[in-house]
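Okay, structure first, notes after.
Every read-out reported here was derived from the displayed coordinates using simple, explicitly stated rules and does not represent laboratory data. Just so you know, these numbers come straight off a predicted model, no measurement behind them. When we count neighbours, we look across all protein chains shown, and the Cβ atoms used for this are built from the backbone with ideal geometry, even at glycine.
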Amino acid sequence: MTAMTQKAQHKNAQTAATQNETKKPRKILPREERRQQLIEATISCIARDGLGSTTMQMVTKEAGLSLGIANLHFETKDNLLKETLRYVAEEYHSGQIAIMQGQETEDLTSRLTALLNFQLSQGVTQRQKMAVWFAYYGEAGARPVYQKIVSAWDRAAAKQLETLFEAIIEDGQYRNIDAADLAMGYSALIDGLHLALLVTPRELTKKQAKAIAKDFLQRAFPKHL
């Protein structure tokens, strides 16, 4: 072996050693953080490509993770989609239920105002989130498991809204108002406004949507809003 060859090999060995020393190990995230990363990537894919077109490969590419990691955490695409729906439903409904239960304030007027602000907030009316929400609703009829997840949260939220309206009716001594009917009508209005904001954003602004919902509540509870 020539001196030149030995010198070249020594240089290559030094370079490799330096690269090994400076190469950063892949960051290992906790299980829940990886799951959340995949769920958020799923939300992005569904909003962009639709529920039926979303694949595990698309999700892992969006998340910058391997298919093996996705399979480790969710095993199947169906499980991933169910957990994504559960996350979206829980995020929205748990937020409004906490407000209606008075976890932040017992004052009825404050709770009513906070509920309205939350339901038409930037976070809730984000186009990506609304697109995913309605994509699942569109599939609920054909997929009983989706309907089961959504219905459980819908019933819980509807019950809390009815209870809040009952308390306001009693507090304001309002007459000829049925809390259950009013709660159903208000929920339908909010759902309709969310859909309009998603489908026809140029015809309905968030400010207008909030004004419409506020007008509904003011007509029902003029002493509280």
Exercise for the section: Could you run the Karplus curve 6.51 cos²θ - 1.76 cosθ + 1.60 with θ = phi - 60° over the range 208-225 and give me ³J(HN,Hα) per residue in whole Hz, x for Gly and Pro? Expected result: 5, 4, 5, 5, 5, 5, 5, 4, 4, 5, 5, 5, 7, 10, x, 7, 10, 8
Exercise for the section: Using only alpha carbon pairs under 8 Å that are at least six residues apart, calculate the relative contact order of the chain and give it in whole percent. Expected result: 19 percent
Practice task
Report the label-to-label distance for SER121 and LEU204 in nanometres (one decimal), using points 7 Å from each Cα along the Cα→Cβ vector.
Solution key: 2.1 nm
Fill in the blank from the handout: Most exposed to least, judged by fewest other Cβ atoms within 10 Å, LEU217, LEU85, LEU195 sort to LEU195, LEU217, LEU85
Completion exercise
Residues of the range 74-109 with backbone N under 16 Å of the label point set 7 Å from the Cα of GLU32 along Cα→Cβ are 87-88, 90-91
Completion exercise
Taking a crude spin-label model, label points 7 Å out from Cα along the C-beta direction, the ALA211 to GLN128 distance in nm is 3.0 nm
Practice task
May I ask you to sort ILE46, ILE39, ILE177 by Cβ crowding, counting other Cβ atoms within 10 Å and putting the fewest first?
Solution key: ILE177, ILE39, ILE46
Handout entry: Least to most buried among MET58, MET184, MET100 (fewest other Cβ within 10 Å first)
Key = MET184, MET58, MET100
Completion exercise
One checks the Cα atoms of the chain and finds Rg and Dmax, in Å, of 25.6, 104
Practice task
Output the pairs from LYS82/LYS207; LYS82/LYS214; LYS82/LYS129 with a Cα-Cα distance over 24 Å in this structure; if there are none, say none.
Solution key: LYS82/LYS207; LYS82/LYS214
Exercise for the section: Would you mind calculating the gained length between ALA167 and ASN79 on full extension (0.36 nm times residue separation, minus the Cα-Cα distance), in nm to one decimal? Expected result: 27.7 nm
Problem - In nm, spacing of pseudo-spin labels at GLN147 and ARG86 (7 Å Cα→C-beta vector) - result: 2.0 nm
Completion exercise
The extension gain from GLU106 to TYR137, computed as 0.36 nm times the residue separation minus the Cα-Cα distance, is 7.9 nm
